[in-house]
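The structure appears below as C-alpha cells.
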C-alpha cells in the first residue's frame, strides 16, 4: 500500500466499502479504521478515550446491540470474532479528529485519503440527489403532457362523434314563399 515516496495509497473502493450509514450518518467502524491505520482497535480506542473532549456524540458514538446485529447481518463476515464491547463508529468529523490523536505520519496520510473518499461519497450523493430531482421534474412534465394529450384526444373524439351523428341545423335566412 505504499508507493516510492513512502506515501500510503488506499484504494477508494476499500475505504468506501467501510463507510456505513447508521442513524442517518455516514460512519466508519473503529475496527475498520484501526485496520487502515495499522494499529490495534484497542490502541485506537485508548487514544480516543484519552482525548474524549475531542469526540462529542456528533463525531463518535457507540452502536446499540440492535444496530450491531443489523450491521453484522449486512456485512456477513465471520471476522467479527468474540467482540466483548459494542464497537464505536466515527462520523466524517470524527475521522478527521482522529488524525490529531493518532499522530503518526501514516495516520495523517491514511486520514487524508479517507477524507478524500468521504468527500467523493458526498459528491456522488449530491449528484444522485440532483439527478433524482431532475428525473422527478421530467416525470411531472410527462404527466402534464399526458394529461394534455388525453384532453386533445377527448376533443377529437367529440368532433368525430359530431361528424358521425350530425345534428340537423336550423336554416337561417329568408324564407321565400312558394318554394
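All of the numbers you see were taken from the coordinates with simple rules; none came from a lab. Keep in mind the model is a prediction, meaning the values are calculated, not measured. Glycine gets a Cβ as well: all are built from the backbone with ideal geometry, and neighbour counts include every protein chain shown.
Take residue 128 and residue 177, extend 7 Å from each Cα along the Cα→Cβ direction, and tell me the distance between the two endpoints in nm.
9.0 nm
Compute the long axis of helix 65-75 from its Cα atoms, compare it with the longest principal axis of the Cα atoms of the chain, and write down the angle in degrees, 0 to 90, nearest 10.
80 degrees
Between the alpha-carbon centers of region 55-71 and region 26-51, tell me the distance in whole angstrom.
14 Å
Using every pair of alpha-carbon atoms in region 89-179, split the distances into 5 Å bins beginning at 0 and state the percent of pairs per bin, rounded to integers.
Distribution as computed: 3, 10, 9, 9, 6, 6, 6, 5, 6, 5, 5, 4, 4, 4, 4, 3, 3, 2, 2, 2, 1, 1, 1, 0 percent.
Which whole number of Å³ per residue matches the convex hull of the alpha-carbon atoms in region 7-75? List each step's numbers first, then the result.
On the way: hull volume 7.8 nm³, N = 69.
Dividing the Cα hull volume of region 7-75 by its residue count gives 113 Å³.
Hey, if you drop one equal point scatterer on each alpha-carbon of the chain and run the Debye formula without solvent, what base-10 log of I(q)/I(0) do you get at q = 0.11, 0.18, 0.20 Å⁻¹?
-0.63, -1.20, -1.37
Output the 0 to 90 degree angle, nearest 10, between the alpha-carbon long axis of helix 105-164 and the longest principal axis computed from the alpha carbons of the chain.
The answer is roughly 10 degrees.
Which value in Å is the Kirkwood Rh of region 80-133 over different Cα pairs?
The Cα-based Kirkwood calculation yields 13.3 Å.
Within the P(r) computed for region 132-179, what percentage of the Cα pairs occupies the region above 14 Å?
72 percent
Please give, to one decimal in nm, the separation of the simple spin-label points placed at residue 141 and residue 159, each 7 Å out from Cα toward the Cβ.
Result for the modelled spin labels: 2.7 nm.
Please check: in the Gaussian network model of the chain (C-alpha springs, under 10 Å), which one of 156, 44, 102 has the largest mean-square fluctuation.
Of the options given, 156 has the highest mean-square fluctuation.
Where does helix 92-101 land angle-wise versus the long Cα axis of the chain, in degrees 0 to 90, nearest 10?
In the chain, helix 92-101 runs at an angle near 20 degrees to the longest axis.
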